[in-house]
Amino acid sequence: MRFPCLFLALFLVVTGCRQQLPGAEAPPEITTLILVRHAEKADDGTDDPPLTAAGEARARHLAFVLEEAGIAAIYSTPFERNRATAAPLASRLGLPVDSYDPNRKAREFLEEVRQKHAGQKILAVGHSNTVPAMLNALSGSEEYADLAHDAYDDLYVVELVGEAFRILHLKYTPPAK
């Protein structure tokens, strides 16, 4: 299903192409966070499993979806499955994957990222509990519950302008072969 990918690409292009008219007030600075859970992980009995073949395919598809989005920084927790989810995009863009502590308070992490990358687009790869925690910290609510154990296709695009925000929830799934 290509529609969500095309919609995301169009959304990121439109939001990134705002132009100031002569004599007009400068447009507000928009910081965009793209939040995803790591891709499918192996059930190998360890605390730090790698991705499955399906997870590797999803990670490559994420890189395809976000390759032209203007991502300026990539964050991941230090777990193998998260770093492997971020790796294909980081490789395509020539960016490092910066590590963050999944046990850190979501609000603190997000404020640091927002200050460091104001006006940029950032990808953060988290977990079934940390992605909703970040969304709840941003929205000031408890609206977002932990993701289902088998849910790996959620992609959240969060636009931040001052204290205002907008959250777009999309799905991304690699095409069937």
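Coordinate-derived values only; no laboratory data. What you see is a predicted model, and the numbers here were worked out from it, not measured in a lab. Cβ placement follows ideal geometry from the backbone for every residue including glycine, while neighbour counts extend to all protein chains displayed.
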Exactly one of Val97, Val65, Val131 is β-branched (Val, Ile, Thr), under 26 Å from Asp47 (Cα atoms) and touching a helix residue (DSSP H, G or I) at 6+ places or on another chain (Cβ under 6 Å), and that residue is Val97
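Does Arg107 satisfy the criteria of being more than 25 Å from Asn136 (Cα to Cα), surrounded by fewer than 19 Cβ atoms within 10 Å (Cβ to Cβ) and of a type in the set (D, E, K, R)?
It is false that Arg107 is more than 25 Å from Asn136 (Cα to Cα), surrounded by fewer than 19 Cβ atoms within 10 Å (Cβ to Cβ) and of a type in the set (D, E, K, R).
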Subset of the range 163-177, residues under 19 Å from Lys41 (Cα atoms) and in a strand (DSSP E or B), comes to Lys171
Expected output for the range 70-90 (first residue among the aromatic types (Phe, Trp, Tyr), partner outside any helix (DSSP H, G or I), Cβ below 6 Å, 6+ apart or cross-chain) is Tyr75/Asp98; Tyr75/Tyr100; Tyr75/Ala124; Phe79/Asp48
Across the range 47-89, the tally of residues that are among the β-branched types (Val, Ile, Thr), touching a Ser or Thr at 6+ places or on another chain (Cβ under 8 Å) and more than 16 Å from Tyr152 (Cβ to Cβ) stands at 0
Within the range 55-66, the count of residues that are without any contact (Cβ under 8 Å) to a residue 60 or more places away in the chain and in contact with a Pro (Cβ under 9 Å, 6 or more places away or on another chain) comes to 4
Open item on the list: Any residue at all in the range 153-162 that's assigned to a loop (DSSP other than H, G, I, E, B), free of Cβ contacts under 8 Å to residues at least 60 places away in the same chain and exposed (fewer than 13 other Cβ atoms within 10 Å of the Cβ)?
Closed with: no
Quick count over the range 137-152, residues being surrounded by fewer than 18 Cβ atoms within 10 Å (Cβ to Cβ) and either β-branched (Val, Ile, Thr) or under 20 Å from His117 (Cα atoms) (or both), is 2
When the range 132-152 is checked residue by residue, the ones that are farther than 25 Å from Ala59 by Cα and in a loop (DSSP other than H, G, I, E, B) are Gly140, Ser141, Glu142, Glu143
